[in-house]
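A short worksheet on the structure shown next.
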Amino acid sequence: MSQNPCPSRRTRPTGLRHAVLTLLPVLGLGALTACGSAAASPAKGDPVRVTLGAASGTATVRAGDRLTVTASGGVLTEVTVTDPEGRHLTGGLGDGGTVWTSGARTAPGTKYSVLARTRNPQGGTGEAKESVTTAKAGKFNKVTLRPGSQGAVAGVAQPVSVTFDFPVTDRAEVEKHLKVTTDNHTTGSWGWVRTASGRDRVDWRPKDYWKPGTRVGVQAGLDGVDSGGGRYFAKDHDLHFTIGRSRIVKVDLDHGRLTFVEDGKAVKRFPVTAGADGTKPPRTGVFPLTARDVSAAGPSGSVLPGAACHRAPHHAVRPAPSGRPAPAAPGDAPHRVRAGAGCIGVSQEAADWLRARLAPGDPFEITGSSAGGSAETDHRTPDWTIDWSRWQRLSALAPTN
């Protein structure tokens, strides 16, 4: 389609924008706007023809496609693509400047404005404008962020968790839209795992325990992002929380002892029982408390993250997806404190004392000899049970070599 001068004013040939935009059958194409207010170079040679399409080669641009702008009879010198919010769909030139491809995928139900500047072999420059609107999404994915409450105070081992209602097949694309910021430039990494129910989850953990007082921000700019299979996210998420005091519970299985450490100092010790009465022993590793761990209700005290436990008998406290504490036995002598399958038991007095001081994200560090083995291979609790280098490799954006 050739560009014509604006009918509302007279235009000399030397002021013509020397480019032609070919309209392919893309969704929602608007009218061609090629009348610029700035003067262009005098017309030299034939106009450059510009076409829009999808990177897959189809003429129709659907949500989730990468947009391409192609020039024939010349080259593209600049391409700008923006959405109604003024956000740019970034991309780059290739094939000697004849093709521009967006680096990000198009969102559903979004109108993109395209401005393409061109130059032909004779040095003539041109400009073409167009718009394309993608179809609305028919399927959606939802996320749950942890810690769950805005402005929460969490422990030094608290990971950032993003759990998805449906599988995520394009993990790298999703991870690109997730960001964690801190006020002290904490080093950390995302890692993809699964919940006990098999749902996809991506966690961000610092290299070492958080520094107390750190302010953390989580931005999930997922609105319009395809999680795979044409299932999109419908909104962005923003979460802020703060790291509280350092409180660590150290459990020594070999000596049957639990030590509560606050700000680096041992404050209280309690005897513990593990794998009592022929039940399975607990697993070793580092287990951050969850909100459910801290608030678990029942006829007995509960203090230990059930992620360290094997699945308990039906009459015991049932583990949550990320684990749940074992019951204590009120009135029992320390050496007779009962423990659920694979869990650690403490007296009711110890349970009450600990629960009054613990918060989500406070870590239990369980060490010693255990027939229950290490939690290192448990896909539900790898955040602190594998070393830093292995954790980084769980990122979808980790280097492949």
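Quick note: the coordinates plus some simple rules give every number you see, no bench work behind them. Worth saying up front: this structure is predicted, and the values here are computed from it rather than measured. Cβ sites come from the backbone with ideal geometry, for glycine too, and all protein chains shown count toward neighbours.
Here are the numbers for the structure shown:
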quantity	calculated
Selected from P212, S197, T187, residue furthest toward positive end of dipole (segment 132-236; charges at beta carbon)	S197
FRET efficiency, E262 to T169 (Cβ-Cβ, R0 51 Å, nearest 0.05)	0.70
Label point at K136 placed 7 Å out along Cα→Cβ; residues across segment 64-107 whose backbone nitrogen lies under 18 Å	64, 84, 107
Simple label model, 7 Å out from Cα along Cβ direction - H185 to E349, nm	5.0
Ordering of 46-53, 59-66, 94-101 by packing [mean C-beta count within 10 Å, highest first]	46-53, 59-66, 94-101
Length added when fully stretched, R215-R390, from 0.36 nm per residue minus Cα-Cα	60.4 nm
Extended-chain gain in nm, criterion 0.36 nm per residue less alpha-carbon gap, E85 and L397	109.6 nm
Convex hull (Cα only) mean projected area of segment 139-244, reported in nm² to one decimal	6.3
Residue pairs, from the table K111/K139; K211/K235; K176/K235, whose Cα atoms sit over 21 Å apart	K211/K235
Exposure proxy ranking, count of Cβ atoms within 10 Å, fewest first, for S246, S369, S113	S369, S113, S246
